[in-house]
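Below: the structure, in structure tokens.
Quick note: the coordinates plus some simple rules give every number you see, no bench work behind them. Predicted model only: the values in this text are computed from it and were never measured. Virtual Cβ from ideal backbone geometry, glycine too; neighbours counted across all protein chains shown.
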Amino acid sequence: MNANEFLAAYNAGQRDFKQIILKNADLTNAQLKGINLFGANLTGTQLPTAQLGDANLVNALLVEANLEAANLSWVNLERANLTAANLRRALLVMANLKFTTLTGANLAYASMGVVNLTSANLQNADLSYVDLKEADLTGADLRGANLEGANLEEATLCYANLEGANLKNANLTETDLSNALLGTFFRRAKLKHAVFRNTIMPDGSFAGQA
């Protein structure tokens, strides 16, 4: 099935496209709300500004896919592979990204409030100026990630690994860093001008308490 056939089927009312192969397809600005793409192969697919709210993308392959400014609110991306994907300025509010692979992904300026990133792999990802307010990053791997200017207010990073991460100018107000990996946590991390206000630190103490 090519991109035109796929869109025609969706527009005709079909919603179940699990395990479909649409590698390198051009789906720019596609309207795909509520679609089932469980296990789909969307490697290299172009989906900028696409509307994918409430979609099921569990176990989907989105390696090097272009999702810039796409609407992925409430989308289930659990265990999906988004290695090196472009999610710049994407909307991921309330999305489920548990155990998702986002190694080297571009998430700069994305809106990810209350997103679930439990045990997600974000090694070397670009999360600069991303909004992660109230996000759950429990056990997330953020080694080498760029979080410059990121909003992590009230986010949970218990057991997260931020070794070598860039947190310059990041907002960690009331962020929960308890039970972080001692010995590796913040090792070589860049913290210049980061805001620590009522932040719960790995040892259970509070940093920058007002």
Practice item. Only Lys, Arg, Asp and Glu count, each charged at its Cβ (+1, +1, -1, -1), so figure out the dipole size of region 61-157 about its Cα centre, rounded to 20 debye. Key: 200
Revision key, fill the gap. Under the helix-only model (-39500 (n - 2.57) for each DSSP H run of 4 or more, divided by the residues of the chain), the mean residue ellipticity at 222 nm, to 500 deg cm²/dmol, is -1000 deg cm²/dmol
Review point. How large is ³J(HN,Hα), in whole Hz, for each residue of region 174-179 in order, when computed from phi with the Karplus curve 6.51 cos²θ - 1.76 cosθ + 1.60 and θ = phi - 60°, using x for Gly and Pro?
Key: 6, 6, 9, 10, 5, 6
Point to revise | In the chain, lysine pairs with alpha-carbon atoms under 27 angstrom apart (chain gap of 8 or more, or interchain) | key: 14
**Study point:** For region 1-54: rounded, prolate or oblate by the Cα gyration tensor [a/c cutoff 1.5]
**Key:** rounded
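Among DSSP bridges having both ends in the chain, what percentage is antiparallel? Round to the nearest 5. Spell out each step's value before the answer.
Values: 2 of 34 bridges.
Restricted to the chain, the bridges split so that about 5 percent are antiparallel.
How big is the chain by the Kirkwood estimate over distinct Cα pairs, in Å? Working shown, then result.
Numbers: mean 1/r = 0.0586 Å⁻¹.
About 17.1 Å for the chain.
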Review point. So how strong a dipole does region 1-143 carry about its Cα centre when Lys and Arg Cβ are +1 and Asp and Glu Cβ are -1, to the nearest 20 debye?
Key: 80
Practice item. Assuming a ≥ b ≥ c are the square roots of the Cα gyration tensor eigenvalues, decide whether region 10-109 counts as rounded (a/c under 1.5), prolate (otherwise, with a/b larger than b/c) or oblate. Key: rounded
Exercise for review: List the relative contact order of region 1-145 as a percent without decimals, with contacts defined as Cα pairs under 8 Å and 6+ residues apart.
Suggested key: 14
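Can you sort LYS18, LYS98 from fewest to most other Cβ atoms within 10 Å of each residue's own Cβ? Please report the intermediate quantities before stating the final value.
Working: LYS18 14, LYS98 20.
Arranged by neighbour count, lowest to highest, LYS18, LYS98 become LYS18, LYS98.
Would you work out if region 81-163 is rounded, prolate or oblate? Take a ≥ b ≥ c from the square roots of the eigenvalues of the alpha-carbon gyration tensor; rounded if a/c is under 1.5, else prolate when a/b is larger than b/c, oblate otherwise.
Values: a/c = 1.19, a/b = 1.03, b/c = 1.16.
Taking the square roots of the gyration eigenvalues as a ≥ b ≥ c, region 81-163 is rounded.
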